[in-house]
Amino acid sequence: MIKKIFVLSGLFFSLAFSAQRTHVVVKGDTPYNISKKYGITLDQLYRLNPDAKGTLALGAVLKIDNSSTKNSAKFTESSGKKLGKIILQPKQTIYGITKQYHISETDLRALNPNLDANMKIGDEVVLPSNLILKYAENQSVVKKEDQVSEQNEVAAKTSAETYTIQPKDNYYRISRKFKLTQKELFALNPGLEQKGLQPGEQIFVGSNSMQTAKEVAKQKPEENVKVQVKNNSENQQVSDSSTLNADEYVTYTVQSGDTVFGILNRFGITLDQLLALNPDLSQGLKAGMVLKIKKLEAAYRKTTGDALNVVLMLPFGFDTNDSKYRSLSLDFLTGAKLAIERNAKSGQKLNVKVVDAGNEKSFKNSLTQINPDNTDLIIGPFFKSNVLETLDYVKQKNIPVVAPFANSPDLYDYSNLIIVEANDSAFADRITKEVKEVFSDQKIYIVADATKENANYIKSSLEKLLKSPNIVIVNSSSDIALDNNMMTGQSAPIIAILASDDDNEGAKFAAKIIEISKQVSGNKAFSMFYSPAFETDTDALGEASLVYLMDRKINMDGTFEKEILADYNEKYCKVPSKYSVIGFDVVNDMLTRENKKGEIFKQINKVQTQLATKFEFVQTKANGAYQNTGYRVVRLLPQN
């Protein structure tokens, strides 16, 4: 009998650095300004100094990664001669910038730590000057005299007053204490609104940088955080300012126009519950107030040992003689092993156990191989029914569970669950937004799949956003036809949307778009899903400005991507398969969010892109599961 458990032992790697650079913590230092000073990412700083995630002790000596500083040295110079800035234009995306300027997303984010919060039209993005000169073309560029050196920005921040966050703090209390608006508080502390208040962490609260904060607040309006809210069977994305206080409560920042009744309905709570947590509410509801909504469930935290105990549950089917998912599982494992070894070499202590999850019927036997008292993270299983069984098995310990493929509304109630696969509603919402931007009374065709769920969702959303749209749902791309201009009698361009993930339908859709674009210019095409046909004639599809979404795509020009692909080829002598890539991405992303105490949810709000997958988690509901909403937007543009 083939053993059911594979143990990857001995993953206790330590790296010896020659002439290791160090930094002595002084008053006013934060992980953010230290990483900026040395041109490294926060992840690199935390890997070398895990304790830096808490309060920085004055006089503490932090390690600085020599290899990272070398890699980023070509980008970071105080003189600003090798760095330039571009001004974002309409429809520019992170992916589009990486392709146009031949820079990896990892390098782009290293230069722009708050990239996701600064992707509005008119915002500035830092890039190497040589790449701007070579690839900018018609891109608007910031003049040299307008550029601000990175060191000056850091110096301005370190001269500001700092405050150590206390367990009971919230945005409203801190803003009132230091006579700041919340907009000014967020401007002084980029990323604070997204990640929430972390007790023990130092934040900037004014003094010499107050004027700078006020200017930034005037220039860049506050953006609300996107939150997935589950309402019965309809998954609706709304724009909220709800925040997870890492210590105790889910909180909500009151917006202009909010009512008490609306807040009660939104979060499914009673007036008595809301008043009990917010006594000041009896004096009236005011914009900017931070309301406590409900108490957070206690997140998992290690209590013993300094090594992270990880379990991989993969359906090899050796014991049950069921090989249906064996090849997929073996591929997933090759990518996972590469990620494990990579993180172990960076100093992370890991004990990894691989469990044969068998099939859905025999799964209960596999669960007995897991010791809840000595497990900090479970990646897998693959199937929804098995995920539910695993969550029930570890509910007393609340151990984090990662579902690589399962995604269903009945999983959304578990606060210790991380769902990797983005659901269709996130894709449909993005397509709706894209169509709204180009709509000008064109007739709209939506090609549906057999269920018509996605098509009906998009149609309903567009009818709410657009003025009297003419929307037709069709079963096949062959039913798409040019519109007729009643005034001139001539054919008029249309908008076509593909809401099916069937590759055959994708090919028909591509062919139809090319056909009608030869007859009339100005057509617009969108697809919720990728189809191989979209890469066969990109120039012709570009005439219809085809926009499609992908859950995964490797940027072959990226430094990080090239490094991972080379490492995989060296280890396995082949190119990684789809499931090898997923295995690497899922495991690497989860391990880089972990700390010594196994507190993965403290870093869950960080946006990270791995080899092919973008991870951007939001909580489905208060005390609910974390759902990935990350995807890649691909735009094909006309050649002339």
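The values are calculated or read from the model by the stated rules, or taken from the named source; none is laboratory data. Since we're looking at a predicted model, the values are computed, not measured. We place every Cβ from the backbone using ideal geometry, glycine too, and count neighbours over all the protein chains shown. What goes into the accessible areas is simple: the full protein's heavy atoms, side chains included, and nothing from ligands, DNA or RNA. Shrake-Rupley method; radii C 1.70, N 1.55, O 1.52, S 1.80 Å.
Before moving on, here are some points about what is shown:
- Some residue of the range 381-404 being modelled with pLDDT under 95 and in contact with a Lys or Arg (Cβ under 6 Å, 6 or more places away or on another chain): no
- Members of the range 269-303 found to be free of Cβ contacts under 8 Å to residues at least 24 places away in the same chain, exposed (fewer than 14 other Cβ atoms within 10 Å of the Cβ) and in a loop (DSSP other than H, G, I, E, B), listed by number: Thr270, Gly284, Thr303
- Of the helices (runs of 4 or more DSSP H) contained entirely in the range 30-139, those carrying at least 3 residues that are at pLDDT 70 or above fall at 31-38, 42-48, 94-101, 105-111, 129-135.
- Verdict on Ser478 being on the phi > 0 side of the Ramachandran plot and either over 30 Å from the mean Cα position of the chain (by Cα) or basic (Lys, Arg) (or both): no
- Check on Ala540, surrounded by fewer than 23 Cβ atoms within 10 Å (Cβ to Cβ) and part of a helix (DSSP H, G or I): yes
- Which listed residue is within 26 Å of Ala511 (Cβ to Cβ) and either in a loop (DSSP other than H, G, I, E, B) or polar (S, T, N, Q) (or both), from Asn454, Asn407, Asn398, Asn365: Asn454
- Of residues in the range 306-331 being without any contact (Cβ under 8 Å) to a residue 24 or more places away in the chain and part of a loop (DSSP other than H, G, I, E, B), the one least open to solvent (accessible area, probe 1.4 Å): Ser323
- Whichever residue in the range 417-430 is modelled with pLDDT under 95 and open to solvent by less than 10 Å² (accessible area, probe 1.4 Å) and, among such residues, is farthest from the chain's Cα centre (by Cα): Ala428
To keep it simple, each residue is scored yes or no on (1) surrounded by fewer than 21 Cβ atoms within 10 Å (Cβ to Cβ); (2) in a loop (DSSP other than H, G, I, E, B).
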residue: Glu515; (1), (2): yes, no
residue: Ala533; (1), (2): yes, no
residue: Ile554; (1), (2): yes, yes
residue: Phe560; (1), (2): yes, no
residue: Lys571; (1), (2): yes, no
residue: Val581; (1), (2): no, no
residue: Asp585; (1), (2): no, no
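- Residue that is farthest from Met590 (Cα to Cα), among those in the range 368-388 that are open to solvent by 10 Å² or more (accessible area, probe 1.4 Å) and not in a helix (DSSP H, G or I): Thr368
- All strands (runs of 3 or more DSSP E) inside the range 595-640 with 2 or more residues being open to solvent by less than 40 Å² (accessible area, probe 1.4 Å) and more than 30 Å from Gly268 (Cβ to Cβ): 632-635
- Residue check for Ala510: surrounded by 14 or more Cβ atoms within 10 Å (Cβ to Cβ) and either more than 17 Å from Asp424 (Cβ to Cβ) or not assigned by the TED database to the domain that holds Asp449 (or both): yes
- Residue in the range 332-350 that is open to solvent by 30 Å² or more (accessible area, probe 1.4 Å), aromatic (Phe, Trp, Tyr) and either at pLDDT 90 or above or within 23 Å of Ile399 (Cβ to Cβ) (or both) present: no
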